[in-house]
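Notes follow once the structure below has been shown.
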Amino acid sequence: MSKYAHVYNDQGKKPFVLDIEKETIGNTNFRTTMWTGEYLQMTVMDIPVGGDIGLEVHDDHDQFLRVEQGKGLCQMGPAENDLSFEANVSDDWAIFVPAGTWHNITNTGDEPLKLYTIYAAPDHVAGTVHATAEDAANDPNEQH
C-alpha cells in the first residue's frame, strides 16, 4: 500500500504513486486535486445521484476521465447549447474530451459516481478541494 493512501491533499511537483482506483472510490468530496504538476493535473470526483460535474469547456487543454464506480450520461458538443454527442458510461469506461469541447457527465445511477480526471495542463489551483458542487460553483478561482 502506498504511504500516501487516503491522503487527500495535493502531492504535486514531487514523485507520487497511488492505487488510483482505491483513492477514487474512497474520495467523498465533489472534487479533490491529488497531484498538480507543471503540465498535468489529476483530480478525483464524487458525483451524487442525480448530480453532474457541471457543464464546462477547456479552451486550451484536453481532458481524460475514467469512471471507477457508478453510471452516468456523458454529453459533449461544440457549443454550450449543442451537446450532440451522448454516451452512457459506467465502471471502467474512459472519456476523452478534446480542447474546446463543451462537456458534462451526469450521474444516472443509484450510487455515487466516482471518477478521476487528468488535465493536461492543470485546470484547478493546486490543492483545490470542493466538498460539494456548490463549493465549486462559488469558488472564485474556478473559471467555468
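With n ≥ 4 as the cut-off for DSSP H runs, can you work out [θ] at 222 nm for the chain, using -39500 (n - 2.57) per run divided by the number of residues, rounded to the nearest 500? It lands at -2000 deg cm²/dmol. Heavy-atom surface analysis with a 1.4 Å probe gives segment 76-126 a carbon and sulfur content of 53 percent of its accessible area. If you wrap the tightest convex hull around every Cα atom of segment 3-144 and split its volume per residue, you get 97 Å³.
In terms of the mean number of neighbouring beta-carbon atoms within 10 Å, the peptides 11-18, 62-69 order highest first as 62-69, 11-18. Estimated from the Cβ-Cβ distance and a Förster radius of 35 angstrom, the FRET efficiency linking Ile20 and Asn138 is about 0.80.
Solvent-accessible surface of the chain, averaged per residue with a 1.4 angstrom probe and all protein chains in place: 51 square angstrom.
The values are calculated or read from the model by the stated rules, or taken from the named source; none is laboratory data. Because the structure is predicted, anything quoted here is derived from the model rather than measured. Because the Cβ atoms are built from the backbone with ideal geometry, glycine has one as well, and the counts that use them run over all protein chains shown. Calculation scope for accessible area: heavy atoms of the full protein, side chains included, ligands and nucleic acids excluded. Shrake-Rupley method; radii C 1.70, N 1.55, O 1.52, S 1.80 Å.
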